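Below you'll find the structure, written out as structure tokens, and then a few comments.
The values are calculated or read from the model by the stated rules, or taken from the named source; none is laboratory data. These figures come from a predicted structure and were not determined experimentally. Neighbour counts run over all protein chains shown; Cβ positions are idealised from the backbone, glycine included. Only protein heavy atoms, including side chains, enter the accessible area calculation; ligands, DNA and RNA are left aside. Shrake-Rupley method; radii C 1.70, N 1.55, O 1.52, S 1.80 Å.
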Amino acid sequence: MSPPFWFIFMSILIPAPVQVELRGETIELLLTLEVMEVIQVTFDISITDLPKLMIPETYREAVPFLLKILALNAPAATIYSDEELVLIFKAIVAAVNEGMHCTERKSGKPSKRKVKKDEKFNVARCIYFGTAILHQAEDEVWKMTPGKIITLMNEHADANSIDDEEEAES
């Protein structure tokens, strides 16, 4: 038996962090708009290009940095083995996938809000939507997952019969 729609919708609005066991510690990772912006600015890449950081020249520095900004509870360790770095990176990818998960538009109209390969996620638009349309405090919007804000944007567009093209022009 599949869960009701409202359960799936609520799980997107109240996302659970991805957990990784590391040296006997449970570390929780969550992708928020703030974390996404830090990743995009620091590495000058789209979130879809995250695997490009797993090259020998960069992963030893990149993975601990990503762990530090994604972790809700700071891990005690600061130096990791190659095996641990791979485990951490897999958890980071899972956290990114979880944080980007959103519902589709009920109208059946395609949403253009998803991140395209090699294109940075428009965090500024999300902050604008969260503050101007949802009337949330900016610091609360920064804490939202990208999937949550995209879901809310899709719901707003459906409720107001807005096409993505119309919204982009305004």
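Report, by residue number, each residue of the range 70-88 that is buried (at least 17 other Cβ atoms within 10 Å of the Cβ) and at pLDDT 85 or above. Please lay out each step first, then the result.
Step one: list which residues in the range 70-88 are buried (at least 17 other Cβ atoms within 10 Å of the Cβ), which gives 70-71, 75, 80, 84-85, 88.
Within the range 70-88, Leu70, Ala71, Tyr80, Glu84, Leu85, Ile88 meet the criteria.
Given the conditions (1) of a type outside the set (S, T, N, Q); (2) open to solvent by less than 30 Å² (accessible area, probe 1.4 Å); (3) modelled with pLDDT of 90 or more; (4) not in a helix (DSSP H, G or I), which single one is not true for Glu28?
Looking at each condition in turn, Glu28 falls short on (2).
Under 8 Å between Cβ atoms, which residue pairs at least 6 apart in sequence (or on different chains) link something in the range 63-84 that is outside any loop (DSSP other than H, G, I, E, B) with a partner that is among the polar types (S, T, N, Q)?
Every condition considered, the pairs that remain are Pro64/Thr78; Phe65/Thr42.
Can we say Ile47 is under 29 Å from Asn122 (Cβ atoms) and β-branched (Val, Ile, Thr)? Show your work before the answer.
Values: under 29 Å from Asn122 (Cβ atoms): yes; β-branched (Val, Ile, Thr): yes.
Here the answer is yes, as Ile47 does meet what is asked.
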